[in-house]
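Below is one structure, written out as structure tokens; the observations come after it.
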Amino acid sequence: QVQLVESGGGLVQPGGSLRLSCAASGSIVSINYMGWYRQAPGKQRESVAGISSGGSTNFADSVKGRFTISRGNAENTAYLQMNSLKPEDTAVYYCNAHLNTGWGTRASAYWGQGTQVTVSS
């Protein structure tokens, strides 16, 4: 089965930076999209950033100008560079990928296990 493994979460002070990584592995033919979501306690999961196979990106308004997303296609890896972190960024961050596991098949969505990001002084 496909697995998405996330890393890079942790505790950081406001104004600090973290880089999250997501590595997809398994029987992957292609990845159409990779993105990051986050969920704070008591809140719905929200999209943070995404990047398509063509390189198009999108960001939540709350993180524009602070976060960047990139993708290492050869490694089936996505990165979320988080700068100027705020306490409001505290959440569990999840990696999401839309990928194909066979030629001619429809893309399916996969999720990572989540990694905790805590921004606190």
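If you take the residues of the stretch 71-81 that are at pLDDT below 95 and closer than 12 Å to Gly50 by Cβ, which of them is most open to solvent (accessible area, probe 1.4 Å)?
Arg71
Consider Leu85 carefully, then state whether it is buried (at least 21 other Cβ atoms within 10 Å of the Cβ), assigned to a loop (DSSP other than H, G, I, E, B) and touching a Ser or Thr at 6+ places or on another chain (Cβ under 7 Å).
yes
Within the stretch 40-53, does at least one residue satisfy the condition of being within 18 Å of Ala107 (Cβ to Cβ) and not small (Gly, Ala, Ser)? Break it down stepwise before answering.
Within the stretch 40-53, the first condition is being within 18 Å of Ala107 (Cβ to Cβ), and the residues that meet it are 47, 50-53.
Adding the requirement that they be not small (Gly, Ala, Ser) leaves 51.
Within the stretch 40-53, one or more residues are within 18 Å of Ala107 (Cβ to Cβ) and not small (Gly, Ala, Ser).
Here is a list of conditions, (1) free of Cβ contacts under 8 Å to residues at least 40 places away in the same chain; (2) hydroxyl-bearing (Ser, Thr, Tyr); (3) part of a strand (DSSP E or B), and Ser62 meets all of them except one; can you say which number that is?
(3)
Pick out the one residue from Gly26, Gly114, Gly9, Gly54 that is on the phi > 0 side of the Ramachandran plot and open to solvent by 20 Å² or more (accessible area, probe 1.4 Å). Steps first, answer last, please.
Numbers: Gly114 fails: open to solvent by 20 Å² or more (accessible area, probe 1.4 Å); Gly9 fails: on the phi > 0 side of the Ramachandran plot; Gly54 fails: on the phi > 0 side of the Ramachandran plot.
Answer to the check: Gly26.
Quick one: which residue in Asn83, Asn32 is more than 10 Å from the chain's Cα centre (by Cα) and within 30 Å of Gly104 (Cα to Cα)?
Working: Asn83 fails: within 30 Å of Gly104 (Cα to Cα).
Only one candidate qualifies: Asn32.
It is to be established whether one or more residues within the stretch 48-57 are in contact with a Lys or Arg (Cβ under 6 Å, 6 or more places away or on another chain), within 22 Å of Ser120 (Cα to Cα) and in contact (Cβ under 8 Å) with a residue 40 or more places away in the chain.
Yes.
Give me the residue from the stretch 29-47 that is among the aromatic types (Phe, Trp, Tyr) and out of contact with any Lys or Arg (no Cβ under 9 Å at 6 or more places or on another chain) and, out of that set, least open to solvent (accessible area, probe 1.4 Å).
Trp36
How many residues are within 21 Å of Thr118 (Cβ to Cβ), open to solvent by 40 Å² or more (accessible area, probe 1.4 Å) and not β-branched (Val, Ile, Thr) if we restrict to the stretch 60-70?
In the first step, residues of the stretch 60-70 are kept if they are within 21 Å of Thr118 (Cβ to Cβ); the result is 60, 62-63, 66-69.
Filter again for open to solvent by 40 Å² or more (accessible area, probe 1.4 Å), leaving 62, 68.
This time we only want the ones that are not β-branched (Val, Ile, Thr), so: 62.
Matching residues across the stretch 60-70 total 1.
The values are calculated or read from the model by the stated rules, or taken from the named source; none is laboratory data. This structure is a prediction, so every number in the text was calculated from the model and none was measured. Glycine gets a Cβ as well: all are built from the backbone with ideal geometry, and neighbour counts include every protein chain shown. Heavy atoms of the whole protein, side chains included, go into the accessibility calculation; ligands, DNA and RNA do not. Shrake-Rupley method; radii C 1.70, N 1.55, O 1.52, S 1.80 Å.
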